[in-house]
1. Please give the helix 18-27 orientation as an angle from the longest Cα principal axis of the chain, in degrees from 0 to 90, rounded to the nearest 10.
2. For the chain, what is the accessible area per residue in Å² when the probe is 1.4 Å?
3. I'd like the orientation of helix 43-52 relative to the chain: the angle between its Cα long axis and the longest Cα principal axis, in ° from 0 to 90, rounded to 10.
Amino acid sequence: MHSHLGVVGEPFNIHQDAERMVQTMAQYNIEKALVCSMYANASAEIKTAATKYPAQLIPIARINCAQGQP
C-alpha cells in the first residue's frame, strides 16, 4: 500500500502522522507501507517517520516538477 503523512485542512480535515499510521497498519495487519508527504516540501517529515519506523514505513519522494524542487 501507499499513503501520505501530513495535514490537509478544509474541506477534508485530515491529519495523518507516523504514529497513527503505524497503529492503523497494525490494526489491519498491514506490514509495510510506502509513504510520501501531502506536500512536495515536506521530505524531512517523511525521512523522520521512516527513520523512527524502518520496519513499517518505506519513504518515497514527492517532487514538484513545476518548481524544480523536491
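The values are calculated or read from the model by the stated rules, or taken from the named source; none is laboratory data. All of these numbers come straight from a predicted model, not from anything done at the bench. With ligands, DNA and RNA removed, areas are computed over all heavy atoms of the protein, side chains included. Shrake-Rupley method; radii C 1.70, N 1.55, O 1.52, S 1.80 Å.
1. It works out to around 40 degrees.
2. Numbers: 4910 Å² over 70 residues.
That works out to 70 Å² per residue.
3. Approximately 20 degrees, to the nearest 10.
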